[in-house]
Structure formats: structure tokens, C-alpha cells
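Just below is one structure, and these are the notes that go with it.
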């Protein structure tokens, strides 16, 4: 294997497999948004701080702006688009976010939901303290987080 | 967000990685990428080739020897560090790892990447120095071991030079450790931090005050002795928007004393 | 960002002065110099790659001597341009004789960096600049030693 | 963890109205279903065939002449579609219209720098390429030669003779100045028992940093000469009047389309220069242009909140704590250009006395330009700075004179029975009861138990402080106030538009003129329409966002200045009532009875006396739209109602600078408890209470969400958020590394409460709300001052107090105390 400036990768996103040629320098978030046209995940900063691009990558929560798309060759990725179990039915977290008014502009919401999901997948009975820590990597500028924390708490057992 | 053109390769063995790194003096190892990719987004660094270490099994894993020495693969993530049973032998490791950045970064960021990037605000460089860790570096021809206090050479600069890879970190047995920091917001970026260890001699390493962690060996273990020793180190910390040099110098004393206090409470 | 310091050389003032005023000698003190070009007594240009561990930063540095009072005082402006980053530095050197064969040099440097490197934050930059200045001074000593 | 206190006895100005319908209930938000599934459409989600990505080349210098720009290498790179530089902009457009009188009026502001740059990050050129990465690569190849000039970053030095001048055509760095004086200021100071002097207070530069940065996808239709601008600009009405004349085009050529916007907070009002550049590129390159601003670019260039100094302040106080008046010199730092300025020079006057009854005020307002990013509205625009100043005066007076901050407030608050209250400058506070709000705040924060909490904190080695921030959120501008800064301006009043129509199959469709960024306009509009048409909010389809082609906008359309609940919903109500009237008119023809005997309920127009005699709305829609033969010739029914809401405003008196500048006054009283580590200056907000009164609440949960959001912004601004520049004009906090916004772990325990004082001036009793007046900044400053008092009584003089500043106050309290002097008779 020799270094290359672009390569063809195979990625499974929300259960669907995509094969695309991609430049080595392209960040995973741009691959997801621009190449796969899955625009639910967002970009809110350029320094890896905001978490709006958070996705679940091989079972782990990551910021997709701090991974190269080529690194994801062979990976399994979950994004907000895959969260609802079926058309017309929301995931418990999605419903709870709405019930608790845990979103306003909705821009941070996809990343926030993925962080909440990753947290509860690993720790279904997360405490308030654990929820706060679990969401620390996601910036929200609308809600002040209180309603988000309440929304996740309501889903935690 | 937009990197300069770069070549990428993901070797599956250390030998292969070393070969690729040696083949191009613009090649750099890519560990967790949680610092490097951000610096590349700003185009403040632009390696020609990224040699991704993520597929190299021999760089992962944590081993606890019968004598209590921990050997931690450089590609061990913070999350693995704080969750692994072995690291409970040196509890400070998990405790500090748990306060680095956020879940997402802890899932990707690695102990090797943290020490090799040696951003002055990083947690692990002072911790490694205080714990008396040893850094194992592999080069094209040989492997060598460097003490943590000799490993850090500058910002983004360590003894693991071009063509080399930090492969593992060895940490001796011990429990009497402490870590204290003043951060921007809860668990935010460190303004000043300090790690202390009282296993044998008293060692305090202070971060964020110079290009490399500043190791101090205070004469005593009480707060005054530690503060005296920090004062004696004639620190000349940087000023920035979060702290003047003078404030950092003051905080260095405070966090050093607090880290020692925590360590003492565990001895 | 203002840096200042004082350094003592075990060499006569004339020697130190000569080194400070020799573009060739000065070039050898700079970190990661890849090429060097002298336009005239007052102007020279260097292409350097500042060795950041994550990958070097290529900068073209233009130097201009703006003032001198032989053999005790000189000021120098340096302007570095890399990709999107601009560094400006104005330095002043003052040499005084400490006695035979010993010279002390008081120096100041005002450094400003603009562009993406500047935006990395001073907590990162200041130690880098400090360290590079330290390297320059150390190699200056070697150059003075070599010139004796 | 959040706890809401409902008032035991809600204060209702107009009693006796029975709750009917959906107003006042928390119906599910209509926006949520798409947003939680990642199905929102933000501008960058819009893709077009052949679209080029724009990347801006920006100035690394704070102040420099541009000696040359060479784009040839960039244009030669494969995949690059083209470039734009200032020279072309200067040829193709005129400078943007300036709101200021001279000297500010002389400032020339273009879409790209022309000849000179005036702040770090100022756009100098643009490169468009096939991918984002390529555009960035090519931008690096643009060669710009600069001749650096000295920079000014401290407003206090801006007018010194030796300071470099940014805009030579303006003559100096002065952009606008004006003197405001009301009442008998000399008399007040003559009557005062104490005069408290404060030499310098500083309101720091920050903004609310919406998570989505600015941007647009711009298309040009060569056949019609029209541009379609998919953007997140939050005030298209303003953008249009700025862009049209500059681009030498009629406003019909500019179509703005927004759907979902990732937060705005005022920061997205002034993206018109970049939008003009994108329009020029779309035309020049014959292709759609995507402009996505990156976070660092946003921090370097967009919409900083006005930084303001208050110099030589004097407060006249009676021995019993009665506040008589104040005088001060406000020095406003507008940054490098006047994009929305100098409106900040008058907007503050909406809240001249704050919550207090003092009648004698003099404020000399001076605004200067500096080599920093241009200022533009930021949540609480210009009032927040003044309200912070007002609250600082109250607490400094209380501390210096040994008065209780609670008592001083209660003594001097405008009283409930004085409402509506006319301020010294002719503004009318519509309703409210600040003292009662303070009581609720004190109850929530546990005021009775403060001594114990203080003792407990001290036993742990902490300094303990309690602080109040009482503040106003004035809503619905009278644009006539612009004449107080420039009498020539032909703006006054305000307006907003909505349409409600009943379509063929009975669909109720609402369009708005506003550009919501999270304020839930779809939901609240649906509630208002549902209640009027006798349907449920689910039956009401509110179009998402804004589209110029809907024709449901007017000159002031947009989402800004706390006004939707008044103007937007006022328009919705007007349109829905108009439609209801038409439905009844049709019903009376079909059902053969007078309109007065009809009602709208359960999806029908029906006879009040006989619910069986009913016509479904669906049938109404079908008849008018598709089955209208035989209807009476004079039946004037379209079932497509458009209503323009116009608030009742008069022109202010320009000479006296007097008049009603805004329609409603929501109020906030916040209280904070802090614990400070005296060794480090590190502090924590350990308890927080936020009480809000925004009149009638259409959707309490949404109102509460706004209260929380405003609180979070204020707490961020009080603790860490600052745009700090070095002397060369470099921004030291250009991204989220160094610009620390609060995270989930940073938020204090919060209790919220409310009272409801319906506005007598608005259609629904609502008041605009959401900006929150910066109450948290005021409360945290007050709490810090209280906490630090045992250590030499330092004076908190800055709005932003990161740990290092607190430590400095602890180290050298005297330095801050030198700013204050008390002269007593």
C-alpha cells in the first residue's frame, strides 16, 4: 500500500452502503454532507469544538470533522437520518427533545441527538451529571442546555 | 475545514509505518487526529503524507506487569485509558483522561497523540513527566527509550523525530498522584495545570507555563515547600487572553500545591 | 508580543558586531533555513521552514537593516510571509563591552503574527517564538565563537 | 433541575377573559418533526447543478493600503471558475447607503475592500471553484501586497490627533455624536445629598455566535435579471434596501429565500456586503454560488456586539436612596464600518432610565470607528449595554453608600400603578410590576436563607456573592427613532405582513414575512390562526421561512428586535380575522342567514343557534376557488387574506429627542449566587433565578425557551465570551478554542418564574421578548462585586469577568476603587 491523494472507499451509513472515490484531504463531514447528500449533520465551527457534526462511527461517538473520509473506509456510520425507527415514528430521544422544547433553531440538534444516543446506548440510566458530561462536546447557542438535559433525563431509565 | 492536498496511507504494521515515514520527510504519523487535523484545517501545518496508525494492532493495548508497571500502547484512546481495568492500578490516569475535552475527542484521541503533539495546554505531558514515565520510540533502525522529562522538546515537538513513532509509554507502579488545573469553564482548556507524584521523590510537573512541562522537585511535601519550589523555578509563562504571565505564575503555585495535596492524601 | 533579554559573549565587541552584520552568519542562526539571498548590505531574504513538529511552516523572510551605530547599536526589521500567515518582527541590539574579550548584548524583539498561525492562540505561539529565539541566540553564540 | 414558579396570584391587567382555544397552551412545535430528523433545510443544504464554491481572501492586517492584487495564479488553477476583487466591485456597484449624518455619512463601504483594508479578516478578493477545498487552495494563490498602517483598537484613543484615520473621507475616526438631555440635570445634582462618580465602565465586545455561520446559495437568472438568494440573512427587508441601490438594481430583482436558519440573534442582519459579492459572482461566472462562512471568518468579521465605554459618570442620589438622575459620556466602538450603525447611538434610548423612576438624564454619545470587526445588532442590541450601565450604577451606588441593593431597587423602580409610564424621553412603558418580579426572584433564589448559604460557602473557604439584574426587553421598534441620529432619514413606524388563505381542499395556508431562526413562528402563528378559524394548529400549514415571491413582506419584514409576538402575530391575527370575515360572508350566502348569526368552530362555519346548519371550511375553499358560478356578483370574497400590521407610532420630536421609540417593554429580573475561590479568582454560579414578564404568553414553553437562551448568552458574556484584540488589531479569540461559549457542564442550576402583564397596546396582549436585556450579565457583575467586597471592596467595572480579571480585582482592589468617588453634602 502506497500513499495516495484519493481513493475509493466503501462506507455503510444508516444501513446503506456507499462506494465513492474521495480525496484524502476531504473530512468525513463534508463527505457525508456533500458527497452523500445527508445534510442532517452540520458544521458549526472549524476547530472541532462544536459537535454539530457528531455521528456514531463503528459504535463510537465521534466528531466527523476530525476524521478523514478515507479513514472511514469499511466503517459503519449512524447519522441523525437513521435515528427514527421507521417513517412517521420518532426515536424516543427525538420525541423527548420535541416534548421538552430541547431545540430551537435545530442546528445543533442532530449532533446533540447522536451524543445523547451514544450516551444512553452505553449507559441507559445516566444521571444528570453523566448527561451533562455526555453532552459536553456539543455546543447549543439557543437553549442554554437545560431543556436538552431534561429531555435526555426523561428517556434515561 | 479545508485541508491542503495530502497523501494518505494506512499501514497495518509498525514496520510498514516506519518505512512509509522514512520514505518522505514530509510524512507525519496520524494518530487520533484530534489535534493534527485541526491544525491542518487552519493550514498551520501541512504534512505531505499522513501515515495513519489506526490499523496497527501492536500500538494498542495496555499491559500491567506483576511489578505494577503499566505499558500503554501509544494508540490507546483516552476512553480506553479511563475504562481499562489495568489502568486502575494507577488511578490518576483514568481520572485525568476523563477530564480531557469531551466524549467525542476521548473516543478518538490517543495517549500517544496527546504527548506527541505537546500542545502546552495538554493534560498528559505534565502527567507523564510527574509519573516518571518512559517513552518508547521506534525508528527505522532501532528502538530507544526516553524519559518523559527529556521527551518534550517544544510545542508540537518531541524526541520522537521525523521518521520515528512513539510506540508505547511505560509507567512505573504507584498510587500517590495528584492532578490540578484551572480550566476555562468546567473541564475546559487548561489555563494552568500541574501533576504531582509522591512515589519515591516528590515530583511536580507544571503545564501551560512554557513550551514543555516544567518539572519541579520540591524539598518538602507541604504547600509552602511546593510553592517555594515553583517560585524558585523562575517561570516565564506566556500571556494570552485567558491569563497574563503573572496570573499563570501565581496559578502555577496554586495548582502545584493542590496537586501535591491530592497526592499526599493518597499516600 | 515583546521579547527581551541580555546575552553575554566571550568575544570582543567588534567580533560580535561583525557576526550580527553578516547576512551569511545570521542566516546560519535561523531555524530551518532552506535558501538565502543577499540583495545588498541592508536587505536580504531567507526561505525557512519553521520546524513545527506537526509539519513545518514554510515562511519567506525579508530582512531589512533599518538603523545602525557601529559598533554598538543596530535595528532590524523582518517580515515573514507564508501561506496566509504574516510575521513582523522588529529587533534592536545594543552591544557593550564588559571588559576585554567580553561583550554583552541587550536585545528586544517585537513580534506580531497575523493569519491562521496567529489564530492558533498565543498560548501556542508564544512558547514557539520564545523557543525559536532561544535557538537563534544559541547559534549566534556558535557563530561568534567561529568568528573569533 | 429547572424549576418553574408560577405566580400565586398572576398579575392580570385586564381580568375576566376566559381561556378558550390554544393560546397559552404548549402545543407541540410544528418545526420539530423535521428538525429532529435532520430534515431541516439550511442554506448550505441547497444544492444546485454546476454550483461553484466561494472562498474569501481576507486581510491579515488590521489597517493597510492594498498596493496590488494578482489573481492570475489562482485563476490558472484547474477547477477554478473565477475571481472577484475590490476594483471590479467598485466599478460595478456604488458604496452602501450610510445611515449616519456626516462625518459617518462620508464613509465608503463596498462588498470587498477597495484600496485599503481596515480590519483583520476584511474580504479582499473571492475565488470560486468546483469544490470547497479547491477554492481554498486557490485563495492561497491570490497575491496581495499590502502597505501596513498603524492601527487603532482602543476607542479611547480613536480621536487622538496622532491616531491613524480609518476613513480619510470622514476626516477623523468620529462616526457620529449626539447629546441627549432630559429633565433638569443641573437641578438634580443641586438637590442631591450624594454624588457618586464613576470614572470608567466598560461593556465588552462579544456576540451570541449562532452555531450556523453566515452564507448563501445565490442563483442568477440571465433572462429575467433576477437573483435568487437562498440565505440565512435574518432581515431581508434591510438587506434589500442596502443591496438594491448599491447594485443599481430594482428590489424586484432580489428574491430572498430562507427556510431553516441556525440561530441569528441579530448577528445575521448585516451580511449584505457578502451577498452583493455573491450576486456579482453568480452573474459574472454564469453559475450558482455557494458561500459558506467558516467559524473563524465569522469571528473575524461579522456583527460584533457594540463595545461601549461609560466615562465620567455621575449619579445624583438623595440621602434616603432616592435616585434623582445621572450624566455620563458614552463612547461606542463601532468597529471598522457602519453596517447598521450608528443606530446603536439611539436604540439605547428606548430604555433610558432602565427600570427606574429617575427623571433627569444627560448622555453625551460619541461613536468612533476602530480597526476591529464591524459591529451590528446582537441580542439586546444597544439597550443591553445601557441597561448594564444602569444596573452597575445602582449597585455601585448601593455599595458605596451602604444601601441594600434590594431596597434601592424597590424604592426606585417604576411602580405597577404608574403604568403606562412615560419615561423622561417620551417612551411609554406599557405595563409591568418590577417590584413584584423582584419578590418572585428573591423567593426562587432563597433570599431568606442567604446568610446560611454565605456562612456555608465561607466555611469552605469561598467568597459568596448575591446579585440582581433587573432589565428590560423593549420590542417593536419605531423606526422614526432613526431620525434622532439623522433627521434626513425617511423611515418611521414599523410593519409586518402575513397572509392566510383557504385553499381548494380546505387547506389553511399561512405565509409570514419573518425569517425565524428558532423562535417557533410556525407554531405560534398556527395557534393564533387556529383560535380564530375554529380549527386546531395541526390544521394550519405555516410555510417555513421567508420567500420574497410570496409577497407577504413589507419594508421592515424580518426577525429582529423582539417583535414577532407583536408585529408578526399582529399581522397573522389581522389576516386570519379578515379570512374569518370572508368565510362568514360566504357562509351567510350559502346558509342564508346574517353573518352575525354565524361562528367558526370545529372546522365549520355554522349557525350559533343550530350547529347542524354548517358548511365545512373545505366546501368554502372549493366554492370560491373552483366552483363559483352563481355566486352573487358583489360577493367580495377571495379567501386569500393579506394583512399588514402597523403599530400605532408617532414621529418622535427630533429637536428634543423625545417620543415613543418602541411599543412594548417585557421585563426580566434575574438573581445569581456565586462562589469565588479567593486564591485563584475562579468562580462558579451556584444558583440562578430568571423571572420574566412578557405579557400574554401564546406558548409558555417557547417563551421559557427564549428566557433560558437569553440567560445562557448573558452568562457566557459575563464569564468568558470576549472578542479581545491585541494592539496590532489581531483578534485573540477567533474561534471556539479561545472564545469559550458555555457547555452543558457550565450551566448553573436554574429556576424560572414569570408574571403576566398583558400589553395594553398590542393586538394579543403580547410583548416582544427573547432578547432578555442581558440580565445575566448585570446579575453576575453584581454578585461578583458582593462576593469580593470583604477583600477591599473592589469595583466590578467590566461586563466580562473571566477568572483573571477577578483575580486582578482581588490582588489590587484599590486600582478599581480609584474609579469611584463619593461626594456627600
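Limited to the stretch D:27-38, what total is found for residues that are more than 7 Å from chain A (Cβ to nearest Cβ) and surrounded by fewer than 17 Cβ atoms within 10 Å (Cβ to Cβ)?
Result for the stretch D:27-38: 2.
For the stretch B:240-256, which residues satisfy the criterion of being in contact with a strand residue (DSSP E or B) (Cβ under 7 Å, 6 or more places away or on another chain) and more than 13 Å from residue D:732 (Cβ to Cβ)? Quick ask: steps written out before the conclusion?
Initially, the stretch B:240-256 is screened for residues in contact with a strand residue (DSSP E or B) (Cβ under 7 Å, 6 or more places away or on another chain), giving B:242-243, B:248, B:251-252, B:255-256.
B:248, B:251, B:252, B:255, B:256 - these are the residues of the stretch B:240-256 that are in contact with a strand residue (DSSP E or B) (Cβ under 7 Å, 6 or more places away or on another chain) and more than 13 Å from residue D:732 (Cβ to Cβ).
Confirm whether residue A:62 is surrounded by 20 or more Cβ atoms within 10 Å (Cβ to Cβ), away from chain D (no Cβ under 13 Å) and either at pLDDT below 95 or touching a helix residue (DSSP H, G or I) at 6+ places or on another chain (Cβ under 9 Å) (or both).
Numbers: surrounded by 20 or more Cβ atoms within 10 Å (Cβ to Cβ): yes; away from chain D (no Cβ under 13 Å): yes; either at pLDDT below 95 or touching a helix residue (DSSP H, G or I) at 6+ places or on another chain (Cβ under 9 Å) (or both): yes.
So residue A:62 fits the description; yes.
Scan the stretch B:100-132 for residues that are more than 7 Å from every other protein chain (Cβ to nearest Cβ), part of a helix (DSSP H, G or I), in contact (Cβ under 8 Å) with a residue 40 or more places away in the chain and over 9 Å from the mean Cα position of the chain (by Cα) and report the count.
Total satisfying the criteria: 2.
Is it the case that the stretch D:139-162 has a residue that's within 29 Å of the chain's Cα centre (by Cα) and without any contact (Cβ under 8 Å) to a residue 40 or more places away in the chain?
Looking through the stretch D:139-162, at least one residue is within 29 Å of the chain's Cα centre (by Cα) and without any contact (Cβ under 8 Å) to a residue 40 or more places away in the chain.
Every residue in the stretch D:730-748 that is touching a residue at least 40 places away in the same chain (Cβ under 8 Å) and either within 12 Å of chain A (Cβ to nearest Cβ) or surrounded by fewer than 24 Cβ atoms within 10 Å (Cβ to Cβ) (or both), please.
Initially, the stretch D:730-748 is screened for residues touching a residue at least 40 places away in the same chain (Cβ under 8 Å), giving D:730-731, D:733-736, D:739, D:741, D:748.
D:733, D:734, D:735, D:736, D:739, D:741, D:748 - these are the residues of the stretch D:730-748 that are touching a residue at least 40 places away in the same chain (Cβ under 8 Å) and either within 12 Å of chain A (Cβ to nearest Cβ) or surrounded by fewer than 24 Cβ atoms within 10 Å (Cβ to Cβ) (or both).
Every residue in the stretch B:215-233 that is without any contact (Cβ under 8 Å) to a residue 40 or more places away in the chain and either under 24 Å from residue B:124 (Cβ atoms) or within 13 Å of another protein chain (Cβ to nearest Cβ) (or both), please. Let's see the steps before the verdict.
At the first step, the residues of the stretch B:215-233 found to be without any contact (Cβ under 8 Å) to a residue 40 or more places away in the chain are B:217, B:219-220, B:222-233.
Matches in the stretch B:215-233: B:217, B:223, B:226, B:227, B:229, B:230, B:233.
Among the residues of the stretch D:187-226, count how many are free of Cβ contacts under 8 Å to residues at least 60 places away in the same chain and either farther than 30 Å from residue D:289 by Cβ or within 14 Å of chain A (Cβ to nearest Cβ) (or both).
Of all residues in the stretch D:187-226, those free of Cβ contacts under 8 Å to residues at least 60 places away in the same chain come to D:190, D:211, D:221, D:223-226.
Adding the requirement that they be either farther than 30 Å from residue D:289 by Cβ or within 14 Å of chain A (Cβ to nearest Cβ) (or both) leaves D:190, D:211.
Going through the stretch D:187-226 one residue at a time, the tally reaches 2.
Which residue, of D:566, D:510, D:529, is part of a helix (DSSP H, G or I), modelled with pLDDT of 95 or more, in contact with a strand residue (DSSP E or B) (Cβ under 7 Å, 6 or more places away or on another chain) and assigned by TED's automatic domain parsing to the domain that holds residue D:619?
Details: D:566 fails: modelled with pLDDT of 95 or more; D:510 fails: part of a helix (DSSP H, G or I).
Step by step, each of D:566, D:510, D:529 is checked, and only D:529 is part of a helix (DSSP H, G or I), modelled with pLDDT of 95 or more, in contact with a strand residue (DSSP E or B) (Cβ under 7 Å, 6 or more places away or on another chain) and assigned by TED's automatic domain parsing to the domain that holds residue D:619.
Can you tell me which residue in the stretch B:41-73 is farthest from residue A:25 (Cα to Cα), limited to those that are outside any loop (DSSP other than H, G, I, E, B) and within 14 Å of chain C (Cβ to nearest Cβ)? Lay out the reasoning, then the answer.
The initial filter retains those residues of the stretch B:41-73 that are outside any loop (DSSP other than H, G, I, E, B), namely B:41, B:49-52, B:57-59, B:62-64, B:70-73.
After this cut, where a residue has to be within 14 Å of chain C (Cβ to nearest Cβ) as well, the list is B:41, B:49-51.
Numbers: B:41: 10, B:49: 10, B:50: 10, B:51: 13 Å.
Going through the qualifying residues, I end up with B:51.
Limited to the stretch D:111-127, what total is found for residues that are assigned to a loop (DSSP other than H, G, I, E, B) and farther than 21 Å from residue D:344 by Cα? I'd like the intermediate steps shown before the answer.
Residues of the stretch D:111-127 that are assigned to a loop (DSSP other than H, G, I, E, B), as a first pass: D:111-115, D:118-122.
Those still in the list that are farther than 21 Å from residue D:344 by Cα too: D:111-115, D:120-122.
The qualifying residues number 8.
Here's a check for you: in the stretch A:132-150, which residue that is assigned to a loop (DSSP other than H, G, I, E, B) and in contact (Cβ under 8 Å) with a residue 24 or more places away in the chain is nearest to the other protein chains (Cβ to nearest Cβ)?
A:137
Please find, within the stretch B:53-68, the residue that is farthest from residue B:28 (Cα to Cα) out of those that are touching a strand residue (DSSP E or B) at 6+ places or on another chain (Cβ under 6 Å) and surrounded by 14 or more Cβ atoms within 10 Å (Cβ to Cβ). Walk me through it before giving the result.
Let us first name the residues in the stretch B:53-68 that are touching a strand residue (DSSP E or B) at 6+ places or on another chain (Cβ under 6 Å), namely B:53, B:59-64.
With surrounded by 14 or more Cβ atoms within 10 Å (Cβ to Cβ) added as a condition, the list becomes B:53, B:59-62, B:64.
Details: B:53: 10, B:59: 16, B:60: 19, B:61: 22, B:62: 24, B:64: 30 Å.
For the stretch B:53-68, the residue satisfying everything is B:64.
Kindly evaluate residue D:254 against the criterion of being crowded, with 23+ Cβ neighbours inside 10 Å and either more than 19 Å from the chain's Cα centre (by Cα) or under 28 Å from residue D:342 (Cα atoms) (or both). Spell out the reasoning first.
On the way: crowded, with 23+ Cβ neighbours inside 10 Å: no; either more than 19 Å from the chain's Cα centre (by Cα) or under 28 Å from residue D:342 (Cα atoms) (or both): yes.
No; evaluated as a whole, the condition is false for this residue.
Does residue D:390 satisfy the criteria of being assigned by TED's automatic domain parsing to the domain that holds residue D:473, within 17 Å of residue D:360 (Cα to Cα) and without any contact (Cβ under 8 Å) to a residue 24 or more places away in the chain? Please lay out each step first, then the result.
Numbers: assigned by TED's automatic domain parsing to the domain that holds residue D:473: yes; within 17 Å of residue D:360 (Cα to Cα): yes; without any contact (Cβ under 8 Å) to a residue 24 or more places away in the chain: no.
Criteria not met by residue D:390.
Could you list all residues from the stretch A:33-51 that are more than 8 Å from chain D (Cβ to nearest Cβ), buried (at least 24 other Cβ atoms within 10 Å of the Cβ) and over 11 Å from the mean Cα position of the chain (by Cα)?
Once the filter is applied, which keeps residues that are more than 8 Å from chain D (Cβ to nearest Cβ), buried (at least 24 other Cβ atoms within 10 Å of the Cβ) and over 11 Å from the mean Cα position of the chain (by Cα), the stretch A:33-51 yields only A:48.
For the stretch B:7-32: of the residues being surrounded by 23 or more Cβ atoms within 10 Å (Cβ to Cβ) and in a loop (DSSP other than H, G, I, E, B), which is farthest from the other protein chains (Cβ to nearest Cβ)?
B:31
Could you name every one of the strands (runs of 3 or more DSSP E) located completely within the stretch B:147-203 that has at least 3 residues being in contact (Cβ under 8 Å) with a residue 60 or more places away in the chain, within 14 Å of chain D (Cβ to nearest Cβ) and touching a helix residue (DSSP H, G or I) at 6+ places or on another chain (Cβ under 7 Å)? Give the derivation first.
Numbers: elements: B:152-154, B:165-171, B:177-183, B:190-197.
The qualifying strands (runs of 3 or more DSSP E) are B:177-183, B:190-197.
Name every residue in the stretch B:213-246 that is in a helix (DSSP H, G or I) and buried (at least 24 other Cβ atoms within 10 Å of the Cβ), in order of residue number. Explain how you work it out, then say what you get.
From the stretch B:213-246, those in a helix (DSSP H, G or I) are B:223-232, B:245-246; that's our starting set.
Selection gives B:226, B:230.
Which strands (runs of 3 or more DSSP E) sit wholly inside the stretch A:44-91 and have at least 3 residues that are touching a strand residue (DSSP E or B) at 6+ places or on another chain (Cβ under 6 Å), at negative phi and not assigned by TED's automatic domain parsing to the domain that holds residue A:139? If you could, list the steps in order and put the result at the bottom.
Details: elements: A:54-57, A:60-63, A:76-78.
Qualifying strands (runs of 3 or more DSSP E): A:54-57, A:76-78.
Sort through D:651, D:600 and tell me the only one that's touching a helix residue (DSSP H, G or I) at 6+ places or on another chain (Cβ under 9 Å) and farther than 30 Å from residue D:268 by Cα.
Sole residue among the options that is touching a helix residue (DSSP H, G or I) at 6+ places or on another chain (Cβ under 9 Å) and farther than 30 Å from residue D:268 by Cα: D:600.
If you check residue D:637 against the conditions, is it in contact with a helix residue (DSSP H, G or I) (Cβ under 6 Å, 6 or more places away or on another chain) and modelled with pLDDT of 95 or more?
Details: in contact with a helix residue (DSSP H, G or I) (Cβ under 6 Å, 6 or more places away or on another chain): yes; modelled with pLDDT of 95 or more: yes.
Criteria met by residue D:637.
Looking only at the stretch D:45-64, which residues are within 12 Å of chain C (Cβ to nearest Cβ) and either within 17 Å of residue C:112 (Cβ to Cβ) or in a loop (DSSP other than H, G, I, E, B) (or both)?
Passing the criteria: D:58, D:59, D:60, D:61, D:62, D:63, D:64.
The values are calculated or read from the model by the stated rules, or taken from the named source; none is laboratory data. Model, not experiment: these values are computed from the prediction. Because the Cβ atoms are built from the backbone with ideal geometry, glycine has one as well, and the counts that use them run over all protein chains shown.
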